[in-house]
Amino acid sequence: MMKTPHNVERRQQTADLISRLAEKSGPQLKPLLDQTLVGATMLALVGAVATVFVITQPRTDLGLALTSWAMPFKASAMSLLIGGAFAMLRCSAMPGCAVRSASLLLPVVLLLGTGVAIEGPNAGIFGAHRFSILTCMGTIILASIVPLAIMLGALRRGVPTRLHASGAYAGILAGALGGLAYSITCINDSAAFVALWYVAAIAIVGAVGAIVAPKLIAW
Amino acid sequence: MRAGQTGSRAPYEAFLVELSASLRRIIAHQLFCLGLNASETEDVVQEVLIAVHSRRSSWDQKRPLLPWLNAITRYKIVDAARRLRRTEARNIHLTDNEWERMFIADEAHVHQSPTDVDRLVSLLPGKQQAVIRAVALEGHSPEQAARHLGMSEGAVRVAFHRSLIRLAAIGGKA
C-alpha cells in the first residue's frame with residue numbers, strides 16, 4: 001500500500017492504539033466457558049422436559065417401555081448426539097479449535113444404523129398412528145426452542161468465529177435435548193422412525209440455529 | 001501474547017507491533033481479492049488488534065497461538081468486508097463532471113419563476129429541502145452544506161441526488 005499522508009496518519013493512529021492497548025495488558029477475568037455451557041445444557045434440558053409436559057403427557061406404558069429396548073435405545077441415541085453436539089459447540093466457541101464433526105457424530109450414527117439394521121429399515125417407519133410423524137417432529141421442534149435460546153445465550157461467553165456453524169451446533173444440541181425429552185412420551189419405538197424423523201426434526205432446529213446465530217451472537 | 005495476559009507491557013507492545021505489520025499485509029491482500037477498497041486496511045487492522053486484546057483471555061496457553069490469531073483475523077475480515085460492501089452499495093459514484101451537470105439548470109425549466117422553484121422545493125421532506133436550498137439555491141458546495149447542516153458530505157450528496165429525482169417527478173406531474 002502506498003504511503004500517502006492519509007495512510008501515514010492512519011498508521012500513527014494504529015501505533016497510538018497499540019500503546020494504549022499495551023498499557024491495559026494484564027490478566028482478565030477468564031470467561032467460564034465450560035461451566036457456562038454445562039450449566040446451560042442442564043437448564044436447557046429442564047426447559048425441554050417442561051415444554052414436552054405442557055404439550056403432551058408421559059406414555060401410559062412408561063414402566064413397560066423402560067424395561068424394553070426401545071426407550072433406552074432412544075435415550076442413548078439422543079444422549080450420544082447431545083455429547084457430540086456439546087463437544088462441537090464448545091470447540092466452535094474457542095478460536096482456532098478444529099471441530100471434528102464426523103468423529104463426534106459417529107457414535108450416534110453407528111447406534112442408529114445398528115438399530116435399523118437389526119429391525120429392518122421399514123419397520124414402523126411411519127409410526128404408530130397417522131399423525132405420528134407430525135406429532136413427533138412438531139413436539140421436538142417446539143421443545144427445542146427454549147434450549148436453543150439458552151445455548152445461543154451461553155455461546156456469548158465464548159469467542160465464536162464461525163457464527164453459522166456455532167448456531168448449527170447449538171441447534172443440533174437443542175434438538176437432541178428436545179428429542180431426549182420427547183422420548184419420555186413418544187410411543188413410536190421403531191429404530192427407523194427415530195433415525196429418520198427425530199433426526200429430521202433435529203436437523204431443522206440445527207438449520208434455524210445456523211440462520212439466527214449471526215444476528216444474535218455476533219461480537 | 002503471554003505478556004499480554006500477565007501484564008508485561010513492553011513485550012506485549014512489541015508483539016502487537018509485529019502483529020500489526022503482518023495483519024497489514026494479509027488484510028490489504030484480502031480486501032484486494034474481495035474487490036474492496038484497500039484504503040480501509042488500517043481500519044480493519046485496528047479492529048483485529050482490539051479484538052485480539054479484548055479476547056486475549058480466551059487463548060489457552062497450552063494451545064498454539066497462530067490458529068487462534070487466524071480465526072479472529074478471519075472473523076474480523078469477513079465482518080469488515082460485509083460492512084464495506086453495504087457502505088459501497090449506498091454510495092453514489094459520480095464523476096466531478098456528472099456532479100457539476102446536476103447543478104446546471106435544465107433549459108426547459110429556465111422559464112420557471114423563482115416562486116415556482118420555491119414552491120416545488122417546499123414540497124420536499126425537511127432534510128432534502130434543506131440540502132436543495134443550501135446547494136442549488138444558495139450555491140454552497142456539498143462540503144460546506146454538510147458542515148452547515150451537520151451531515152456528512154456523502155449524506156448531502158445522496159440527499160441532493162434523491163431530491164432532484166423527487167423534484168423531477170413532482171415537476172413532471174405539475
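The values are calculated or read from the model by the stated rules, or taken from the named source; none is laboratory data. Nothing here was measured: the structure is a model prediction, and the numbers come from that model. Glycine gets a Cβ as well: all are built from the backbone with ideal geometry, and neighbour counts include every protein chain shown. In case anyone asks, the SASA skips ligands and DNA or RNA and just uses the protein heavy atoms, side chains included. Shrake-Rupley method; radii C 1.70, N 1.55, O 1.52, S 1.80 Å.
Can you name the residue in the stretch A:135-172 that is among the β-branched types (Val, Ile, Thr) and over 19 Å from A:Ala87 (Cβ atoms) and is also farthest from the other protein chains (Cβ to nearest Cβ) among such residues? Steps first, answer last, please.
Here is the first cut: in the stretch A:135-172, the ones among the β-branched types (Val, Ile, Thr) are A:135, A:139-141, A:145-146, A:150, A:159, A:161, A:172.
Next, only the ones that are over 19 Å from A:Ala87 (Cβ atoms) stay: A:135, A:139-141, A:145-146.
On the way: A:Thr135: 40, A:Thr139: 36, A:Ile140: 32, A:Ile141: 30, A:Ile145: 27, A:Val146: 27 Å.
Among those residues, the one meeting the criterion is A:Thr135.
Would you mention how many residues in the stretch B:1-10 are more than 9 Å from chain A (Cβ to nearest Cβ) and open to solvent by 50 Å² or more (accessible area, probe 1.4 Å)?
Let us first name the residues in the stretch B:1-10 that are more than 9 Å from chain A (Cβ to nearest Cβ), namely B:1-2.
Now narrow it down to the ones that are open to solvent by 50 Å² or more (accessible area, probe 1.4 Å): B:2.
Of the residues in the stretch B:1-10, 1 are more than 9 Å from chain A (Cβ to nearest Cβ) and open to solvent by 50 Å² or more (accessible area, probe 1.4 Å).
Going through A:Gly206, A:Gly175, A:Gly158 one at a time, which residue ends up being open to solvent by less than 10 Å² (accessible area, probe 1.4 Å) and farther than 22 Å from A:Val109 by Cβ? I'd like the intermediate steps shown before the answer.
Values: A:Gly206 fails: farther than 22 Å from A:Val109 by Cβ; A:Gly175 fails: farther than 22 Å from A:Val109 by Cβ.
The match here is A:Gly158.
Taking the condition of being open to solvent by 90 Å² or more (accessible area, probe 1.4 Å) and of a type in the set (Asp, Glu), how many residues in the stretch A:12-41 meet it? Break it down into steps so the answer makes sense when it comes.
Going through the stretch A:12-41, the residues open to solvent by 90 Å² or more (accessible area, probe 1.4 Å) turn out to be A:12, A:20, A:23-24, A:27, A:29-30, A:32, A:35.
From the residues that got through so far, the ones that are of a type in the set (Asp, Glu) too are A:23.
Matching residues across the stretch A:12-41 total 1.
Which ones in the stretch A:68-82 are open to solvent by less than 10 Å² (accessible area, probe 1.4 Å) and at pLDDT below 95? If you could, list the steps in order and put the result at the bottom.
From the stretch A:68-82, those open to solvent by less than 10 Å² (accessible area, probe 1.4 Å) are A:70, A:74, A:77-78; that's our starting set.
Selection gives A:Ala70, A:Lys74.
Could you count how many residues in the stretch B:51-72 are hydroxyl-bearing (Ser, Thr, Tyr) and more than 8 Å from chain A (Cβ to nearest Cβ)?
Filtering the stretch B:51-72 for residues hydroxyl-bearing (Ser, Thr, Tyr) gives B:54, B:57-58.
Restricting the remaining residues to those that are more than 8 Å from chain A (Cβ to nearest Cβ) gives B:54.
So the count comes out to 1.
Given the condition surrounded by 18 or more Cβ atoms within 10 Å (Cβ to Cβ) and not in a helix (DSSP H, G or I), answer yes or no: does some residue in the stretch A:133-152 qualify?
The answer is no; no qualifying residue exists.
Any residue in the stretch A:98-115 that is touching a residue at least 40 places away in the same chain (Cβ under 8 Å) sitting within a Cβ distance under 6 Å of a residue that is of a type in the set (A, V, I, L, M, F, W, C)? List the pairs, counting only those 6 or more apart or interchain.
A:Val99/A:Met88; A:Val99/A:Cys91; A:Leu112/A:Ala77; A:Leu112/A:Ala195; A:Gly115/A:Phe73; A:Gly115/A:Ala191
Report the residue count in the stretch A:21-52 for those that are away from chain B (no Cβ under 14 Å) and in contact with a Ser or Thr (Cβ under 8 Å, 6 or more places away or on another chain).
Start the filter on the stretch A:21-52 by keeping residues that are away from chain B (no Cβ under 14 Å), which leaves A:35, A:38-52.
Of the ones still in play, those that are also in contact with a Ser or Thr (Cβ under 8 Å, 6 or more places away or on another chain) are A:48, A:52.
The total comes to 2.
One line per residue, one yes/no per condition, for (1) polar (S, T, N, Q); (2) more than 14 Å from chain B (Cβ to nearest Cβ):
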position	(1), (2)
A:Arg59	no, yes
A:Phe73	no, yes
A:Gly96	no, no
A:Ser103	yes, yes
A:Asn122	yes, yes
A:Phe131	no, yes
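Quick check on the stretch B:126-155: of everything there that is in a helix (DSSP H, G or I) and among the polar types (S, T, N, Q), which residue is most open to solvent (accessible area, probe 1.4 Å)?
First pass over the stretch B:126-155, keeping only residues in a helix (DSSP H, G or I): B:126-137, B:142-149, B:153-155.
Still in the running and among the polar types (S, T, N, Q): B:128-129, B:144.
Working: B:Gln128: 29, B:Gln129: 42, B:Gln144: 85 Å².
Applying the filter and picking the extreme gives B:Gln144.
Would you check if there is a residue in the stretch A:181-200 being modelled with pLDDT under 95, within 14 Å of chain B (Cβ to nearest Cβ) and surrounded by fewer than 24 Cβ atoms within 10 Å (Cβ to Cβ)?
no
Please name all residue pairs, on different chains or six or more residues apart, with Cβ atoms under 6 Å, provided the first residue is in the stretch A:23-44 and is assigned to a loop (DSSP other than H, G, I, E, B) and the second residue is surrounded by fewer than 13 Cβ atoms within 10 Å (Cβ to Cβ).
A:Ser25/B:Gly7; A:Gly26/B:Gly7
Only one of A:Ala65, A:Ala85 is more than 14 Å from chain B (Cβ to nearest Cβ), under 20 Å from A:Arg157 (Cβ atoms) and surrounded by 15 or more Cβ atoms within 10 Å (Cβ to Cβ). Can you tell me which? Show your work before the answer.
Details: A:Ala65 fails: under 20 Å from A:Arg157 (Cβ atoms).
Exactly one of A:Ala65, A:Ala85 is more than 14 Å from chain B (Cβ to nearest Cβ), under 20 Å from A:Arg157 (Cβ atoms) and surrounded by 15 or more Cβ atoms within 10 Å (Cβ to Cβ), namely A:Ala85.
I'd like to know if the stretch A:197-215 contains one or more residues that are free of Cβ contacts under 8 Å to residues at least 24 places away in the same chain and assigned to a helix (DSSP H, G or I).
First, the residues of the stretch A:197-215 that are free of Cβ contacts under 8 Å to residues at least 24 places away in the same chain: A:215.
Filter once more, keeping what is assigned to a helix (DSSP H, G or I): A:215.
Yes - at least one qualifying residue is present in the stretch A:197-215.
Looking at this structure, is B:Tyr75 within 24 Å of the chain's Cα centre (by Cα), facing chain A (nearest Cβ under 9 Å) and modelled with pLDDT of 90 or more?
Details: within 24 Å of the chain's Cα centre (by Cα): yes; facing chain A (nearest Cβ under 9 Å): yes; modelled with pLDDT of 90 or more: yes.
Answer is yes for this residue.
Among the residues of the stretch B:11-50, which ones are more than 8 Å from chain A (Cβ to nearest Cβ) and closer than 16 Å to A:Ile18 by Cβ? Please lay out each step first, then the result.
If we filter the stretch B:11-50 for residues that are more than 8 Å from chain A (Cβ to nearest Cβ), which is where we start, we get B:11, B:14-15, B:18-19, B:21-23, B:25-27, B:29-37, B:40, B:44, B:47-48.
Residues satisfying the conditions are B:Pro11, B:Ala14, B:Phe15, B:Glu18, B:Leu19, B:Ala21, B:Ser22, B:Leu23, B:Ile27, B:Val44, B:Glu47, B:Val48.
Which pairs do you get when a residue that is on the phi < 0 side of the Ramachandran plot and of a type in the set (Lys, Arg), found in the stretch A:149-170, comes within reach of a residue that is modelled with pLDDT under 95 and surrounded by fewer than 24 Cβ atoms within 10 Å (Cβ to Cβ), reach meaning Cβ atoms under 6 angstrom, with the pair 6+ apart or on two chains?
A:Arg156/A:Ile217; A:Arg157/A:Pro31; A:Arg157/A:Leu33; A:Arg157/A:Thr36
How many of the residues making up the stretch A:88-107 are outside any helix (DSSP H, G or I) and either more than 27 Å from B:Lys76 (Cβ to Cβ) or open to solvent by 60 Å² or more (accessible area, probe 1.4 Å) (or both)? Talk me through it step by step, then tell me what you get.
Step one: list which residues in the stretch A:88-107 are outside any helix (DSSP H, G or I), which gives A:93-100.
Next, from what is left, pick out any that are either more than 27 Å from B:Lys76 (Cβ to Cβ) or open to solvent by 60 Å² or more (accessible area, probe 1.4 Å) (or both): A:98, A:100.
Here the count works out to 2.
Which one is surrounded by the fewest Cβ atoms within 10 Å (Cβ to Cβ) among residues in the stretch B:29-47 that are in a helix (DSSP H, G or I) and free of Cβ contacts under 8 Å to residues at least 12 places away in the same chain? If you could, list the steps in order and put the result at the bottom.
Keep residues of the stretch B:29-47 that are in a helix (DSSP H, G or I), which gives B:29-33, B:38-47.
Applying the additional criterion that residues be free of Cβ contacts under 8 Å to residues at least 12 places away in the same chain yields B:29, B:32-33, B:38-39, B:46.
Working: B:His29: 12, B:Phe32: 13, B:Cys33: 9, B:Ala38: 17, B:Ser39: 15, B:Gln46: 20.
Ranking the candidates gives B:Cys33 first.
Find the residue count for the stretch B:48-62, including only residues that are surrounded by 19 or more Cβ atoms within 10 Å (Cβ to Cβ) and out of contact with any Pro (no Cβ under 9 Å at 6 or more places or on another chain).
Qualifying residue count for the region: 6.
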